[in-house]
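Enquirer: Sharing a structure below in structure tokens format, with a few things to ask.
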Amino acid sequence: MVDRRGLAATMLAGLLFGTSVPVIKLGLSFVPPNTFVTLRFLFASALIVFLLQGRGWMQRGLFRSRKIWIIGFINAFGYVLQFQGQLITSSSNAALIISTAALMIPVLSLAYVHEKMGMRKITGVLLGFIGITLLVTRGQAVNLGSSELLGDFLILGTAVTIALVFVLSKDLVEKKGGRPVTGGIILVTAMLLLPTVAFDLGSSTNLAPIAVFYVVFLAVFATVGAYYFFMKGLESVSPTISSIILPIEVVVAVTLSVTIFGDPFNLYSGTGAFLIIAGIILVSSAT
């Protein structure tokens, strides 16, 4: 029997994760990308250090591990790619392409830990990547000079880094626990993002109240809050059931993006979105 509280926590995590992409797009109108992502992680780190340290989110010995720094570097690089990419591509494209990290995880697991892929996973991965092609091209010839195409590729790079972080952190999570590893990744990511702010020195920054709200929202709800409820759900539901977070996240993100920004969708991009979500469901439900 499924624990209702665990299921509710997992669904809430999916909803919170799904809000991040459109909120990032909104915030980029006020704050340049490197500064924006750094502020997000600095604020999230402050929450961990001052409020969540006593709840198991911080384990000092973990920072002596070379692996946490490698994972943190990959994570920081992925977020830089995402925030830069979201400057020049649509929010709905970003949400759908980021979600394909779920399709890359079994492929990387096959290469990294030789984890077998069944037919359901293989089918899901193929459907997802066909979906990406339809989504990015929208049934038209590809213009290699298009800024939106460049943005899509930057976001695709983000999806790869998310999959890498998941695969590489698996051993650490099993040894140290989900909360300290998550807290460690957030703290290391914040430290490694700090130097990137220098690249925004020539850009205009408008820390209006609404911009501060976007930073705080991302840090509190879409970062610490989302991970908190995700870990809470994992305490009482199986990883297979917790995988419902993936389709919930992408549906929320795309719905908000289309509603807020009026992102264009035609038959090709709509079919691509459907195939991506179908592929994610197949991969995440495979045992």
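Enquirer: In what order, largest first, do Y228, Y214 sit by accessible area if the probe radius is 1.4 Å? Could you put the intermediate results ahead of the total?
Expert: Working: Y228 55, Y214 30 Å².
Output order, biggest surface exposure first: Y228, Y214.
Enquirer: What translational diffusion coefficient, to the nearest whole µm²/s, does the stretch 1-87 have by Stokes-Einstein, given a Kirkwood radius computed over alpha-carbon pairs, a temperature of 20 °C and 1.002 mPa s viscosity?
Expert: Here the translational diffusion coefficient equals 139 µm²/s.
Enquirer: Would you list the membrane-span-like helices of the chain, meaning whole DSSP H runs whose alpha-carbon atoms span at least 20 Å along their axis and whose mean Kyte-Doolittle value is at least 0.0?
Expert: Length and hydropathy pass: 4-27, 33-47, 66-88, 119-137, 147-176, 178-193, 245-261, 267-285.
Enquirer: What are the radius of gyration and Dmax of the chain, computed over its Cα atoms and given in Å?
Expert: Answer for the chain, Rg first and Dmax second: 18.2, 57 Å.
Enquirer: Please report how far the C-alpha centroid of the stretch 192-209 lies from that of the stretch 1-48, rounded to the nearest whole angstrom.
Expert: 20 Å
Enquirer: Between L207 and F50, take the C-beta separation as r, use R0 = 30 Å, and let me know the FRET efficiency to the nearest 0.05.
Expert: My answer for the efficiency is 0.90.
Enquirer: Now, a different point. Would you calculate, for the chain, the mean residue ellipticity at 222 nm contributed by helices, counting each DSSP H stretch of 4 or more residues as -39,500 (n - 2.57) and dividing by all residues, to the nearest 500?
Expert: When only DSSP H runs of four or more count, the value is -24000 deg cm²/dmol.
Enquirer: Let me ask something else about it. Enter the accessible area of V181 (Å², nearest 10), with the probe set to 1.4 Å and all protein chains included.
Expert: Using a 1.4 Å probe on the heavy atoms, I get roughly 0 Å².
Enquirer: Can you tell me the length gained on complete extension of the stretch E174 to M119, counting 0.36 nm per residue apart and subtracting the Cα distance?
Expert: Between E174 and M119, full extension yields an extra 17.1 nm.
Enquirer: To one decimal place, what Kirkwood hydrodynamic radius in Å is obtained for the stretch 192-233 from all pairs of distinct Cα atoms?
Expert: Hydrodynamic radius (Kirkwood, Cα pairs) of the stretch 192-233 is 12.3 Å.
Enquirer: Say R0 is 45 Å: what FRET efficiency, to the nearest 0.05, do T259 and R66 get from their beta-carbon distance?
Expert: Computed FRET efficiency for T259 and R66 comes out at 0.55.
Enquirer: Hey, got the dipole for the chain? About the Cα centre, +1 on K and R Cβ, -1 on D and E Cβ, debye to the nearest 20? Please list the in-between numbers first.
Expert: Values: 18 positive and 10 negative charges, 171 e Å.
Dipole magnitude for the chain comes out near 820 debye.
Enquirer: Keeping all protein chains in the complex and leaving out DNA, RNA and ligands, what accessible area do you get for R55 with a 1.4 Å probe, in Å² to the nearest 10?
Expert: Approximately 140 Å² of R55 is accessible to the 1.4 Å probe.
The values are calculated or read from the model by the stated rules, or taken from the named source; none is laboratory data. Please read these numbers as outputs of a predicted model, since none were measured by experiment. Every residue, glycine as well, gets a Cβ built from its backbone with ideal geometry; the counts of neighbours run over all protein chains shown. Side chains included, ligands, DNA and RNA excluded: accessible areas come from the protein's heavy atoms. Shrake-Rupley method; radii C 1.70, N 1.55, O 1.52, S 1.80 Å.
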